[in-house]
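J.: Can you keep this structure in mind? I'll have questions shortly.
Values quoted throughout were computed directly from the atomic coordinates according to the rules given, and no laboratory measurement underlies them. From a predicted model like this one, the values you see are computed outputs, not experimental measurements. Please note: Cβ atoms are built from the backbone with ideal geometry, for glycine as well, and neighbour counts cover all protein chains shown.
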Amino acid sequence: MQTGKIGLPGYLNTIPRWREEQLEANPLRDPARCSCDIGNQDTQHVLLTCPCFTNLRLRVLGPPPARTGMTWKDWLTKPASAVKAATFILKTRLLGQFRALPNTFQASRTGNL
């Protein structure tokens, strides 16, 4: 998530073939745009500002990283925050490869981080 290279449209839009397929399916919509239409659907937008996930964000992540004086990338370097962020992203159901997981699934911290 720190690199932004995650299966969200904001990143996938940088892959020409994916972008072309999306534009063929819907030529009037920017493929990178979030369904909230406020910004591109990338890691930072989903984690911090997308209004579609406000309640989930507060419930899973707590106060926004900006309130703690950290950037979102710095916030993700902390193991506890990274686990919360992974759990949050899974619960948004935005990543197709994880949609088969039950809604109750939660990321856990294992090994030496």
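J.: Please list the non-local residues whose amide H lies under 5 Å from the amide H of Arg33, H modeled 1.01 Å from N, same-chain partners needing a gap of 5 or more.
T.: Residues meeting the amide H criterion: Gln41.
J.: Check each of the trypsin sites (Lys or Arg not before Pro) in segment 1-100 and keep only those in coil by DSSP with at most 10 other C-beta atoms within 10 angstrom; list them in order. Can you show the working numbers first?
T.: Working: sites: Lys5, Arg17, Arg19, Arg29, Arg33, Arg57, Arg59, Arg67, Lys73, Lys84, Lys91, Arg93, Arg99; in loops: Lys5, Arg29, Arg93, Arg99.
Hits after loop and neighbour filter: Arg99.
J.: While we're looking at this one, here's another question. Only four residue types carry charge here, +1 at the Cβ of Lys and Arg and -1 at the Cβ of Asp and Glu. Report the dipole size of segment 9-98 about the Cα centre in Debye, rounded to the nearest 20.
T.: Details: 12 positive and 7 negative charges, 98 e Å.
Dipole size: approximately 460 debye.
J.: Put a dot 7 Å past each Cα toward the Cβ at Asp37 and Glu21; how far apart are the dots in nm?
T.: 2.6
J.: With an 8 Å cut-off on Cα pairs and a minimum separation of 6 or more residues, tell me the relative contact order of segment 4-68 in percent. Don't skip to the answer; put the middle values down first.
T.: Details: 56 pairs, mean separation 18.0, N = 65.
With pairs under 8 Å counted, the relative contact order is 28 percent.
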